[in-house]
Amino acid sequence: MVDPDKYKSIGKGFSLTLKEDGARGLAKGWAPTFIGYSMQGLCKFGFYEMFKIFYSDMLGEENTYLWRTSLYLAASASAEFFADIALAPMEACKVRIQTCPGYANNLRQCAPKMFAEEGVWAFYKGVVPLWMRQIPYTMMKFACFERTVELLYKHVVPKPRADCTKAEQLIVTFTAGYIAGVFCAIVSHPADSVVSVLNKESGSTAVQVLKKLGPKGVWKGLVARIIMIGTLTALQWFIYDSVKVYFRLPRPPPPEMPESLKKKLGLTE
């Protein structure tokens, strides 16, 4: 994305990176990636559960069911707003390490150098485009996952979730997570392109980068991102659900229409 003349395709990118930097080149920036996305994930999933309960209490049982997609969207957007504040510093370091050859080899070198040159703002100048990328991404991630799980149990899985083994339930989780990840990658990719170039070019603004990339440039690297985000999202949901299973934490089943609403709609005798 940041040097399309040199890296013309995902295959070319892998071969050139291996040729120039060896296998270590593929892992460049792993530390800020690990730390940043661990912090973001902790905030994202934790705040999502909190906001989902908070908004559900505001809506009431019947409206929670009727407006459940809107509830998922609002709760995930609220959670991601705070999660990105935790992610931004590590994302800035990761992009600087990966896209500026010779700038720094690792997080220990990169963070102090960025702070000395540009101050605290260096770590947060990408937070707005990060919100532009991550909030739609997370809204799609959670809403698509929740509704996909609901549809899989309703139309694909031949028995109710309560009758499925834990392993079968986790397979559904992984499948729904991958499907959600594909849509996440597509929705968030243009903003991801802007963030990558913005953190590489210290004097640019998001608007300038967007104009520079153009309508086609913002979609470069989409296939690689779909593969990465699809797998990552599926694993995130799988790990999250596995932790709940292991520690016997509450795992609410897919939503069902409340009895009071069924009576109002004349669906019960």
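Given the options C164, G29, L265, identify the residue whose Cα lies farthest towards the positive end of the charge dipole of the chain (+1 on Cβ of Lys, Arg; -1 on Cβ of Asp, Glu). Sorting the options by dipole projection puts first G29. Quick check on the range 211-269: take the gyration tensor over C-alpha atoms, sort the square-rooted eigenvalues as a ≥ b ≥ c, and tell me if it's rounded (a/c under 1.5), prolate or oblate. Because a/c hits 1.5 or more and a/b fails to exceed b/c, the range 211-269 counts as oblate. If you run the Gaussian network model on the chain, springs between alpha carbon atoms under 10 Å, then out of I171, I226, I97 the most flexible one is I171. Here semi-axes √(5λ) of the Cα gyration tensor in Å was calculated from the structure, and among (1) 28, 23, 17; (2) 42, 20, 17; (3) 39, 20, 17 it sits at label (3).
The dipole here belongs to the range 143-187: it is taken about the Cα centre, uses +1 on the Cβ of Lys and Arg and -1 on the Cβ of Asp and Glu, and is about 60 debye. Segment K263..D163, full-extension length gain: 33.3 nm, with 0.36 nm per residue of separation and the alpha-carbon distance subtracted. Name the residue from L249, A224, Y72 whose Cα lies farthest towards the positive end of the charge dipole of the chain, charges +1 on Cβ of Lys and Arg and -1 on Cβ of Asp and Glu. Among L249, A224, Y72, the one farthest towards the positive end of the dipole of the chain is A224. Counted without the sites themselves, the longest stretch of the chain free of trypsin sites (Lys or Arg not before Pro) in a DSSP loop having at most 12 other beta carbon atoms within 10 Å is 9-247. Reported to the nearest whole Å, the Cα centre-to-centre distance from the range 187-253 to the range 99-122 is 22. With the cut-off at under 13 Å, measuring from each backbone N in the range 75-91 to a point 7 Å along the Cα-to-Cβ line of L42 picks out 83, 86-87. Adding -39500 (n - 2.57) for every DSSP H run of four residues or longer, then dividing by how many residues the chain holds, sets the calculated 222 nm ellipticity at -25500 deg cm²/dmol. Listed values for the range 231-241 are Karplus-derived 3J(HN,Hα) couplings in whole Hz (6.51 cos²θ - 1.76 cosθ + 1.60, θ = phi - 60°), namely 5, 4, 5, 4, 5, 4, 5, 4, 5, 4, 5, and x replaces Gly and Pro. Beyond 27 Å in Cα-Cα separation lie the following of the pairs K52/K166; K154/K216; K44/K216; K12/K44; K52/K216; K125/K216: K154/K216; K44/K216; K12/K44; K52/K216. Starting from the Cα gyration tensor of the range 16-137, take the square roots of the eigenvalues, sort them a ≥ b ≥ c, and report rounded, prolate or oblate (rounded when a/c is under 1.5, otherwise prolate if a/b is larger than b/c, else oblate). Prolate shape, in that a/c is at least 1.5 and a/b is the bigger ratio. In this calculation the C-beta distance from I53 to F247 is compared with R0 = 22 Å, giving a FRET efficiency of 0.75. A Cβ-based charge dipole, computed about the Cα centre of the chain with Lys and Arg at +1 and Asp and Glu at -1, lands at about 700 debye. Which of the chymotrypsin sites (Phe, Trp or Tyr not before Pro) found in the range 165-262 are loop residues per DSSP with 11 or fewer other Cβ atoms within 10 Å of their Cβ? Answer in residue order: F247.
Since every read-out is calculated from the coordinates, none of them should be taken as a lab result. Predicted model only: the values in this text are computed from it and were never measured. Please note: Cβ atoms are built from the backbone with ideal geometry, for glycine as well, and neighbour counts cover all protein chains shown.
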